[in-house]
Amino acid sequence: MRRGTNLPRMGDFNQTVVLDVVRRAGGGLARADVARRTGLSPQTVTNVARRLLDLGLVVEEGATARSGPGRPGTLLRLNPVSRFAVGVHLDPATMTFVLLDLSGAVVARRQRPTPVPEDPGAVVDGLVGEIEGLLASAGVDRDRVLGVGIATPGPIDVDAGVVLDPPHLPGWHDVPLRDAVAERTGLRAVLDKDVTAAACAHLWHPQERSSDFVFFYLGTGVAVSTVLHDEVVRGVSGNAGESGHLVADPDGAPCWCGRRGCLGAVLRAEALAEQGRAAGVVLPDWGDGSDPRAVDEAVSALCAAAASGHAGARDVLRLAGRRVGMAAGVLTDLLDVPAILVGGPLWDRIAPFAGDALAAEIAAHPVPGGHPLTVASSEFGPQVGAVGAGCILLGRAFTPRPTDLLLVS
Ligand SMILES: [Zn+2]
């Protein structure tokens, strides 16, 4: 049931609405334009702008040539260095850390191999140490750090901030990662799925792109996030995106689910290494696949072989691109969306060899609605999960959501 709102919360809501409009404008906005874009009265905008200036979240800049009826005004511009957020992506092979300013720009970054990924305690120690190191190296006043966004493989309990039992993090069962990081750092923390975070990275940054797209995430596993009207579809438990069992090849490699040729089974990093070895590429041994870092090295060797012209290695990676394209075509038909984005740490490495095959597959895909269907690689590269995790935290603090106005009964 929907309930009303109290006036103080309405004020907070208007504040985030104004901040959001100023942020999206990028280059600065006159108060009159803010009023026009938000539908708020000029007086309300003036009051809200004063609060935002007091908080340091926006700054005033220069006189505009003409802003409103004959009255020169100043532009309101986001003050990007007024607040910061830490974004962390915990991948079974690699931990990535970024420090974002309020505009979402990366001001510091670091990457480390994930320490003993099957030992959650060691991973938390590693995460906390790196977060502290990142903040110290950036020299940012801690009071200006809004918190830490953490992206991990799913499934997770979003509300409790708990990593449940991800297939790619063996040894992890019900790990309260969010609270562990919050307690150890003294910072607010949020936890979300890697694919959800990766999609969110594209929502915070004002770019010319469709507000409806599917995001294909290729990391240690494969997942897909759907963005409709600039909102990530999260599902009832926040675990939407598990696309690993879409069948890509009925005669393909067996999947742990009992079927063959599931997308996750043929596109995960270890599967690519296996296909490379079968195609005659000499790769370092990765054992039984339980060490994500060894698998990672095998994929690096596969990409290096493709770069040096090994035909078998190139075929394996081209086929991977085609498979992403086939699955993406099915999903865009299902959802009637006009754009596909692909990213994640694995994609970033294979894209130079798989990108053309993906593009060709999409170009040949008949679109039921007849509209153009575009495909592109994420501009955030291997940092997409970490950037997105930081953006989720910025979004929680500064994105106007009508649901924030509903009173909890
Ligand atoms: Zn399966």
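Testing the spin-label approximation: label points 7 Å from Cα along Cα→Cβ at Ser211 and Arg110. State their distance in nm.
4.0
Between Ala253 and Arg144, what length in nm is gained on full extension when 0.36 nm per residue of separation is reduced by their alpha carbon distance? Display every interim value, and only then the final one.
On the way: separation 109, 0.36 × 109 = 39.24 nm, distance 4.96 nm.
Computed gain between Ala253 and Arg144 is 34.3 nm.
For the chain, what relative contact order do you get, as a whole percent, if you take Cα pairs closer than 8 Å and at least 6 residues apart? Walk me through the numbers before you get to the answer.
Working: 824 pairs, mean separation 71.2, N = 409.
Relative contact order for the chain comes out at 17 percent.
Charges only on Cβ, +1 for Lys and Arg, -1 for Asp and Glu: so what's the dipole of the range 292-361 about the Cα centre, in debye to the nearest 20? Could the numbers behind the result be given before it?
Numbers: 6 positive and 8 negative charges, 42 e Å.
Here the range 292-361 has a charge dipole of around 200 debye.
Between the range 122-144 and the range 155-223, what is the C-alpha centre distance in whole Å?
Each part's Cα centre sits 19 Å from the other's.
Give me the accessible area per residue for the chain, probe 1.4 Å, as a whole number in Å².
Details: 18010 Å² over 409 residues.
Roughly 44 Å² per residue, with all protein chains present.
Please identify every one of the GluC sites (Glu not before Pro) in the range 155-248 that sits in a loop by DSSP and has no more than 13 other beta carbons within 10 Å of its own beta carbon. Present the calculation step by step, with values, prior to reporting the outcome.
Working: sites: Glu183, Glu208, Glu231, Glu242; in loops: Glu208, Glu242.
Sites meeting the loop and neighbour criteria: Glu208.
How long is the gain from Asn47 to Ser308 if the chain were fully straight, where each residue apart is worth 0.36 nm and the alpha carbon distance is subtracted?
Values: separation 261, 0.36 × 261 = 93.96 nm, distance 6.20 nm.
Full extension of this stretch gives 87.8 nm more.
Based on Cβ point charges of +1 for Lys and Arg and -1 for Asp and Glu, what charge dipole magnitude is obtained for the chain about its Cα centre, in debye rounded to the nearest 20?
Values: 37 positive and 45 negative charges, 350 e Å.
Dipole about the Cα centre, nearest 20: 1680 debye.
Calculate how steeply helix 311-335 sits against the longest principal axis of the alpha-carbon atoms of the chain, using the helix alpha-carbon long axis, and give the answer as 0 to 90 degrees to the nearest 10.
Around 50 degrees separate the two axes.
How much of the accessible area of the chain, probe 1.4 Å, is carbon plus sulfur, in whole percent? Before the final figure, lay out the partial values.
Values: 9610 of 18010 Å².
That fraction is 53 percent.
Taking trypsin sites (Lys or Arg not before Pro) that fall in a DSSP loop and have at most 10 other Cβ atoms within 10 Å as cut points, what is the longest piece of the chain between them? Spell out each step's value before the answer.
Details: sites that count: Arg2, Arg3.
Looking at the chain, 4-409 is the longest stretch - no exposed trypsin sites (Lys or Arg not before Pro) with at most 10 other Cβ atoms within 10 Å.
Towards the positive end of the charge dipole of the chain, with charges on Cβ (+1 Lys, Arg; -1 Asp, Glu), say which of Leu55, Gly264, Ala386 has the farthest Cα.
Farthest along the dipole direction, towards plus: Leu55.
If I model a spin label at Val236 and Asp333 as a point 7 Å from the Cα along the Cα→Cβ vector, what separation in nanometres do I get?
2.8
On a 0 to 90° scale, report how tilted helix 194-204 is relative to the longest principal axis of the chain, with both axes built from alpha carbons and the result rounded to the nearest 10.
40
Using the alpha-carbon atoms, what tilt in degrees (0 to 90, nearest 10) does helix 345-363 show relative to the longest principal axis of the chain?
So the inclination is approximately 90 degrees.
The values are calculated or read from the model by the stated rules, or taken from the named source; none is laboratory data. Since we're looking at a predicted model, the values are computed, not measured. Glycine also receives a Cβ, built like all others from the backbone with ideal geometry; neighbour counts cover every protein chain displayed. Surface areas here come from the heavy atoms of the whole protein model, side chains and all, with no ligands, DNA or RNA. Shrake-Rupley method; radii C 1.70, N 1.55, O 1.52, S 1.80 Å.
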